[in-house]
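Visitor: Supplied in structure tokens, the structure appears directly below.
The values are calculated or read from the model by the stated rules, or taken from the named source; none is laboratory data. Everything numeric here is computed off the predicted structure, so don't read it as measured data. Please note: Cβ atoms are built from the backbone with ideal geometry, for glycine as well, and neighbour counts cover all protein chains shown. In case anyone asks, the SASA skips ligands and DNA or RNA and just uses the protein heavy atoms, side chains included. Shrake-Rupley method; radii C 1.70, N 1.55, O 1.52, S 1.80 Å.
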Amino acid sequence: VLIGSPGSGKGTQAERLKTELQVPHISTGDLLRSAVRAGTPLGQKARAVMESGNLVSDEIMLGILEERLTANDVADGFILDGYPRTLPQADALEQLLGRLGQPLDAVVELQVPPENIIERTRKRFQAEGRADDEPETVRKRLEVFARQTAPVVDFYRRNGQLKEVDGVGTIGEVYDRILAVLPRSRDAATA
Ligand code: AMP
């Protein structure tokens, strides 16, 4: 699991990690954005919530995640980006992974201060035009992160599952820091 505030680089790092680890990158934000683009009933519901900077309901998110995690390509593992974002989601994830027999290997937190986030999302807004990167909405998303997702980070910290990584630096620097904190069990298994 990759966790961090909006604009902390989770998506960018997950894209690199999937090549290294040879497992799919599952971004709940990307899944929602495709549903919005496809105009499905789910997408229609999610769109306004996303554009306001708020979170889509835990119930809807669990449905999306469950469907994705029961696909064949995740049998050997996956990188989860953007989930869990609330304590009930963390709980649901634990139960779902228990049922699938796929325990969490690591929870990596990308730590980036708010001033860097404002700058990064401003650039992303210019480059990609994501409606929720509009500065006012970013402020809202940071607030939502502090209120609803920071407790999830604390939960994993108390559990001893959290690996904290400094997310400020070049993409390559941050990537190397992530690799350094990941358990090496995959290597050991293939050695
Ligand atoms: P992201 O690309 O991960 O920043 O997600 C973009 C938006 O999708 C978020 O601001 C939320 O509105 C919604 N979203 C993505 N993942 C979740 C989640 N796990 N729970 C609730 N809402 C989510």
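Visitor: Report the charge-dipole magnitude of region 1-130 in Debye, nearest 20, computed about the Cα centre from +1 at each Lys and Arg Cβ and -1 at each Asp and Glu Cβ.
Guide: Roughly 580 debye, rounded to the nearest 20.
Visitor: Applying the Karplus parametrisation 6.51 cos²θ - 1.76 cosθ + 1.60 with θ = phi - 60° to the phi angles of region 138-150, what ³J(HN,Hα) value in whole Hz is obtained for each residue in order, glycine and proline being reported as x?
Guide: 4, 4, 5, 5, 5, 5, 5, 4, 4, 7, 9, 9, 4
Visitor: Per residue, how much accessible area does region 118-187 show when a 1.4 Å probe rolls over the protein heavy atoms, in square angstrom?
Guide: 60
Visitor: If you build the Cα gyration tensor of the chain and take the root of 5 times each eigenvalue, what three semi-axes come out, in whole angstrom, biggest first?
Guide: Ellipsoid half-lengths, sorted descending, are 25, 21, 16 Å.
Visitor: Residue by residue, what Karplus-based ³J(HN,Hα) values in Hz, rounded to whole numbers, does region 26-36 have, using 6.51, -1.76 and 1.60 with θ = phi - 60° and x for Gly and Pro?
Guide: Each residue of region 26-36 in turn: 10, 10, 5, x, 5, 4, 5, 4, 5, 5, 5 Hz.
Visitor: Keeping all protein chains in place, calculate the accessible area per residue for region 1-90 (probe 1.4 angstrom), answer in Å².
Guide: Averaged over the residues of region 1-90, the accessible area is 47 Å².
Visitor: Here is a follow-up. Enumerate by residue number the trypsin sites (Lys or Arg not before Pro) in region 88-191 meeting two conditions: DSSP loop (anything except H, G, I, E, B), and at most 13 other Cβ atoms within 10 Å of the site's Cβ.
Guide: Sparse-neighbourhood loop trypsin sites (Lys or Arg not before Pro): 184.
Visitor: Which percent of the accessible heavy-atom area of region 93-149 goes to carbon and sulfur, probe 1.4 angstrom?
Guide: Here carbon and sulfur together make up 51 percent of the probe-accessible area.
Visitor: Go ahead and set up a Gaussian network model of the chain, Cα springs under 10 Å, then flag whichever of 76, 58, 105 fluctuates most.
Guide: 76
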